[in-house]
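These notes are about the structure you will find just below.
The values are calculated or read from the model by the stated rules, or taken from the named source; none is laboratory data. Keep in mind that what you see is a predicted model, and the values were worked out from it rather than measured. Using ideal geometry, Cβ is built from the backbone for each residue, glycine included, and neighbour counts are taken over all protein chains shown.
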């Protein structure tokens, strides 16, 4: 007697999406106020937002879509206009907004700073801050909140007056809402304005259904189990592709195998590489780490990487490479190192700004590299999750030796607060889990 055939990734993902849409239909018929969807990296969150907006509009509903940044709004406008050319789409903007090319090229999209100008459009998209400044005359029955875990509770309250029911989609494993002021004074209070929109929603509406998208279409088979175990231990997800379905090879192999080549070869073969520099306590902007990050990216371009996947074959150009860091000054140091090598076109930024983006190969400046201490900022699990989950083929982590010893010397000791659920996994445990895996793909740079 044989067991049941394993469910394919596409079938599993479609079942999850069907479940979400079924609950949306029930809400649309008056059963409940909304639906929450947890989405791991690259699980098709944007595709779900676009599909849900299209189906609600097709059913005669007027829909507002709320995203957290202009780039996120532009991406959603482009995808929705491409997939649903039959819909009239509004792009709510600031007065100084210049339409991006991917927005301006769609004839079905109207851009306006006034919601009244877009009243007859089936779907209107804008940033949370823009919607918060819109009058109640622009209210719509349905809202779809994209990146809902990035949205602060106070901003959610300013937008909630504009809709009756909502679909809240986001990634619970990535960065918490950002604030430029000290937030300790509100910690544990029921009206803490710095909580995420989803946390407040579920606390006050425990009956709202929560779904989980189970497949990552971005992360390769080498990365999905690692990221899932480190950052999503209770929900988990799997890769949409199988081992060997994605490969990275080189146009030119006539190079000596120096340390950089060994790192790149390891990353191409295994999907991961840890480029380890000698242990040293350094300033935050470690010139050697910055130079190594830039040198790895430049070397990859010099060798001419070719990525093969279920989407076909394509050269790994500068636009398909990213270098991520924890701090802006670190990112600037890497940009300067790239410029000194005459390399342009590579994305270099912090985790906050890389969130939601996708590349073939990502070089990560480890947040704890060269540090004497392990602060809450550098241990934040969401920051490391973002940095190590942007890639389709390979991730290279650059760090100085000694991080495991640093973690052992600074065990997790964050204070506990009443009415604040413990975050799990915490940054200490997530770092340990990832480092155990990276240790199997270590290449010592010197």
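Results, tabulated for the structure shown:
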item: Cβ pairs under 9 Å, 6+ apart, first in the range 19-30 and assigned by TED's automatic domain parsing to the domain that holds residue 141, second part of a helix (DSSP H, G or I) and surrounded by fewer than 20 Cβ atoms within 10 Å (Cβ to Cβ); result: 21/51; 21/55; 24/55; 25/55
item: Filter pass, residue 305 being more than 22 Å from residue 339 (Cα to Cα) and touching a residue at least 12 places away in the same chain (Cβ under 8 Å); result: no
item: The listed residue being assigned by TED's automatic domain parsing to the domain that holds residue 433, within 22 Å of the chain's Cα centre (by Cα) and more than 26 Å from residue 175 (Cβ to Cβ), out of 311, 300, 368; result: 311
item: Top-ranked residue of the range 272-294 - restricted to ones that are within 25 Å of the chain's Cα centre (by Cα) and either at pLDDT below 95 or surrounded by fewer than 22 Cβ atoms within 10 Å (Cβ to Cβ) (or both), ranked as nearest to residue 317 (Cα to Cα); result: 285
item: Residues located in the range 329-352, provided they are touching a residue at least 60 places away in the same chain (Cβ under 8 Å) and surrounded by 22 or more Cβ atoms within 10 Å (Cβ to Cβ); result: 351
item: Residue within the range 318-326 that is loosely packed, with under 15 Cβ neighbours inside 10 Å and closer than 14 Å to residue 392 by Cα present; result: yes
item: Yes/no for residue 394 being in contact with a strand residue (DSSP E or B) (Cβ under 6 Å, 6 or more places away or on another chain), within 15 Å of residue 275 (Cα to Cα), crowded, with 17+ Cβ neighbours inside 10 Å and at pLDDT below 95; result: no
item: Single unsatisfied condition, residue 355 versus (1) modelled with pLDDT of 95 or more; (2) out of contact with any strand residue (DSSP E or B) (no Cβ under 8 Å at 6 or more places or on another chain); (3) surrounded by 24 or more Cβ atoms within 10 Å (Cβ to Cβ); result: (1)
item: Strands (runs of 3 or more DSSP E) completely within the range 219-332 that count 3 or more residues being in contact with a helix residue (DSSP H, G or I) (Cβ under 9 Å, 6 or more places away or on another chain) and under 22 Å from residue 401 (Cα atoms); result: 272-277, 321-325
item: Breaking point among (1) on the phi < 0 side of the Ramachandran plot; (2) exposed (fewer than 15 other Cβ atoms within 10 Å of the Cβ); (3) more than 24 Å from the chain's Cα centre (by Cα), for residue 244; result: (1)
item: Single unsatisfied condition, residue 102 versus (1) out of contact with any strand residue (DSSP E or B) (no Cβ under 8 Å at 6 or more places or on another chain); (2) part of a loop (DSSP other than H, G, I, E, B); (3) more than 18 Å from residue 132 (Cβ to Cβ); result: (2)
item: Pairs, first under 16 Å from residue 405 (Cβ atoms) in the range 369-391, second modelled with pLDDT under 90 and in a loop (DSSP other than H, G, I, E, B), C-beta under 7 Å, six or more apart; result: 373/410; 374/410
item: Flag for residue 131 being buried (at least 23 other Cβ atoms within 10 Å of the Cβ) and either out of contact with any strand residue (DSSP E or B) (no Cβ under 8 Å at 6 or more places or on another chain) or over 15 Å from residue 50 (Cα atoms) (or both); result: yes
item: Check on residue 236, more than 20 Å from residue 293 (Cβ to Cβ), free of Cβ contacts under 8 Å to residues at least 60 places away in the same chain, in the same structural domain as residue 315 (by TED's automatic domain parsing) and within 17 Å of the chain's Cα centre (by Cα); result: yes
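Conditions (1) on the phi < 0 side of the Ramachandran plot; (2) surrounded by fewer than 20 Cβ atoms within 10 Å (Cβ to Cβ); (3) touching a strand residue (DSSP E or B) at 6+ places or on another chain (Cβ under 6 Å), marked per residue:
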| site | (1), (2), (3) |
| --- | --- |
| 29 | yes, yes, no |
| 32 | no, yes, no |
| 42 | no, no, yes |
| 49 | yes, no, yes |
| 52 | yes, no, yes |
| 68 | yes, no, no |
| 81 | yes, no, yes |
| 98 | yes, yes, no |
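This table checks each residue for (1) within 30 Å of residue 237 (Cβ to Cβ); (2) without any contact (Cβ under 8 Å) to a residue 12 or more places away in the chain; (3) assigned to a strand (DSSP E or B).
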site	(1), (2), (3)
43	yes, no, no
46	yes, no, no
50	yes, no, no
53	yes, no, no
60	no, yes, no
72	yes, no, no
77	yes, no, no
94	no, no, no
